[in-house]
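Q: Provided herewith is a single structure, encoded as structure tokens, for subsequent inquiry.
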Amino acid sequence: MGITTQIYAQDPIQLPEVVIVHNYKYLSSVNSEAEAIPVEQLQMKVSDFNVKELDIYSDEYDLYDVYFIIPEGKVLASYDKENNLLRTVERYKNINLPLPVMESITKRFPNWSVSKNIYLVNYHESGNMRKLYKLTLENGDQRIKVKADDRGIFL
């Protein structure tokens, strides 16, 4: 005669929550492996934002402008009433520069260091995209300002 007890072979597993990206076109246009972490995080929030969850949402309005702000940058994003991202204007300060930009600076300005940088992104749903770095370079007491795109090409 034996006594039996109930034994569970496995503990139930809690699966992670599925996140739906609303504006994949935007993310595929603006993101690259070289983006700084704060830039990627803010762009992900812009992409995943649902304008229909706003308190002021109404089918009567055709356009919604939403500001996203973090200490490193800010984004003004325009959405239509169907939650499609139409365009963004983005500005980030003093972020980590991508490798192609750093290599271009080192090659063209060998004894200079970057003291300040501003990263600007303009996205439009039509496919128009502009990425620009405004850089302040210093060498001792000398200072110059230059502009470069995301591939490190000076403008």
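Q: Give me the percent of accessible area attributable to carbon and sulfur for segment 71-155, probe 1.4 angstrom.
A: That share works out to 47 percent.
Q: Now for a different question. Compactness ratio of segment 38-83: Cα Rg over 2.2 N^0.38 Å, N = residue count?
A: On the way: Rg = 11.3 Å, N = 46, 2.2 N^0.38 = 9.4 Å.
Against the empirical 2.2 N^0.38 Å value, I get 1.20 for segment 38-83.
Q: Beyond 25 Å, what percent of the Cα pairs of segment 14-155 remain?
A: That tail contains 36 percent of the Cα-Cα pairs.
Q: Further, regarding this structure: In nm, give the distance between the simple-model label positions of LEU54 and LYS93, each being 7 Å from the Cα along the Cα-to-Cβ direction.
A: That separation, rounded to one decimal, is 2.6 nm.
The values are calculated or read from the model by the stated rules, or taken from the named source; none is laboratory data. Keep in mind that what you see is a predicted model, and the values were worked out from it rather than measured. With ideal geometry, Cβ positions are generated from the backbone for all residues, glycine too; neighbour counts draw on all protein chains shown. For accessibility, only protein heavy atoms count, side chains too; no ligands or nucleic acids. Shrake-Rupley method; radii C 1.70, N 1.55, O 1.52, S 1.80 Å.
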